[in-house]
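Asks: Please read through the structure below; I'll follow up with questions.
The values are calculated or read from the model by the stated rules, or taken from the named source; none is laboratory data. What you see is a predicted model; the values in this text were computed from it and never measured. Please note: Cβ atoms are built from the backbone with ideal geometry, for glycine as well, and neighbour counts cover all protein chains shown. To get the accessible areas, we keep the full protein, side chains included, count just its heavy atoms, and leave off ligands, DNA and RNA. Shrake-Rupley method; radii C 1.70, N 1.55, O 1.52, S 1.80 Å.
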Amino acid sequence: MYRIGEFARLSGLTVDTLYHYEKIRILVPSYVDKYSGYRYYEAKQLVTVNKIMALKDADFSLDEIAGLLNNDIPLFILIEMLEDKSLSLEEKLNKEANRLERLRTNIFLIKNGGIPIMNEITMKRVEPILMASVRKSFHSSRFDDELEAMWKDVNDYIDEKGGKRTIPCMMLYHIGWGEMDGTSKLDVEVAEPITKAFESNEKIAVYELPAVEKMACIVHKGPFSTIGKTFDALFSWIKENGYSKIGPIREIYHKGEWETNDTNEYITELQIPIE
């Protein structure tokens with residue numbers, strides 16, 4: 001048998017908690033020395049501790065736990081009750097996770113000035129956006145292979161740092177879409193918006209993308225293979241209205257392969273900062 005201090009260490013409970021559990025009759029010492037008052041517990045009582053902790057995690061009150069344990073309900077019934085509670089908790093957590101994702105998405109959309117009306121060119125202000133990104137220059141012929149590696153690098157680093165992403169992700173074209181030099185060189189950045197900052201490393205930059213007072217925007221619906229025509233329309237609008245581009249082009253992926261297998265349902269917002 002174990003004295004109360006030893007049992008406290010084994011069970012992970014405090015001595016004060018053990019005294020309280022004794023008082024409300026949910027975990028009573030196996031033996032109390034009538035002369036010294038020392039309390040002793042048996043190893044098998046650790047199972048009772050497990051029951052108490054499971055019932056507490058299942059949101060049963062201590063009074064309810066006392067009633068269940070003191071009435072000696074069959075073990076299989078206790079297990080069924082706990083499994084029902086665990087399924088209910090899992091369902092609740094899934095709902096809360098979905099609600100959190102919607103909240104973070106809507107926070108991003110507020111920063112992003114909303115989503116422009118489909119097929120219409122609009123101008124809006126975009127708020128600062130905290131993100132983790134990786135930027136690289138390469139020949140356009142290596143576009144797909146380079147991007148796959150870049151997305152992996154940035155997402156692996158976010159996971160390593162325990163970071164939380166918001167939706168949607170984006171790409172920034174520092175050189176590209178009509179600006180490529182004679183060698184077809186691209187300079188692109190893949191970025192995941194995040195909720196809190198953490199340190200950068202030699203490859204991944206963590207920083208706040210600055211606000212843009214005037215952002216020309218259009219939404220492209222459909223596969224990436226046809227996105228060039230949408231970009232051409234946006235560039236033409238900028239030129240016709242006497243504006244000029246002043247920063248990297250942004251592609252924001254509101255709906256993609258993570259939601260649908262039909263490329264015709266992809267929704268990509270194109271943004272160009274102007275003055």
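Asks: Looking at Thr230, Thr263, can you tell me which residue is of a type in the set (S, T, N, Q), surrounded by 15 or more Cβ atoms within 10 Å (Cβ to Cβ), at pLDDT below 95 and over 22 Å from the mean Cα position of the chain (by Cα)?
Replies: Thr230
Asks: Would you mind finding the one in Ile26, Ile115, Ile73 that is at pLDDT below 90, touching a helix residue (DSSP H, G or I) at 6+ places or on another chain (Cβ under 7 Å) and not in a helix (DSSP H, G or I)?
Replies: Step by step, each of Ile26, Ile115, Ile73 is checked, and only Ile115 is at pLDDT below 90, touching a helix residue (DSSP H, G or I) at 6+ places or on another chain (Cβ under 7 Å) and not in a helix (DSSP H, G or I).
Asks: Give Ser236, Ser225 a once-over and let me know the one that is more than 13 Å from Ile121 (Cα to Cα), among the hydroxyl-bearing types (Ser, Thr, Tyr) and not in a strand (DSSP E or B).
Replies: Among Ser236, Ser225, only Ser225 is more than 13 Å from Ile121 (Cα to Cα), among the hydroxyl-bearing types (Ser, Thr, Tyr) and not in a strand (DSSP E or B).
Asks: Please go through (1) open to solvent by less than 10 Å² (accessible area, probe 1.4 Å); (2) at pLDDT below 95; (3) over 24 Å from Asp262 (Cα atoms) for Ile204 and return the number of the only condition it doesn't satisfy.
Replies: If we test Ile204 against (1) open to solvent by less than 10 Å² (accessible area, probe 1.4 Å); (2) at pLDDT below 95; (3) over 24 Å from Asp262 (Cα atoms), just (2) comes out false.
Asks: Also, I was wondering about something else. Out of all the residues in the range 207-223, which are in contact with a helix residue (DSSP H, G or I) (Cβ under 6 Å, 6 or more places away or on another chain) and surrounded by 16 or more Cβ atoms within 10 Å (Cβ to Cβ)?
Replies: Selection gives Ala216, Ile218, His220, Gly222.
Asks: Right, here's the next one. Among the residues of the range 153-176, is there at least one that is more than 25 Å from the chain's Cα centre (by Cα) and open to solvent by 20 Å² or more (accessible area, probe 1.4 Å)?
Replies: Checked against the condition, which is being more than 25 Å from the chain's Cα centre (by Cα) and open to solvent by 20 Å² or more (accessible area, probe 1.4 Å), the range 153-176 yields at least one hit.
Asks: Please determine, by comparing only the residues of the range 120-151 that are out of contact with any Ser or Thr (no Cβ under 9 Å at 6 or more places or on another chain) and among the polar types (S, T, N, Q), which one is surrounded by the fewest Cβ atoms within 10 Å (Cβ to Cβ).
Replies: This residue is Ser137.
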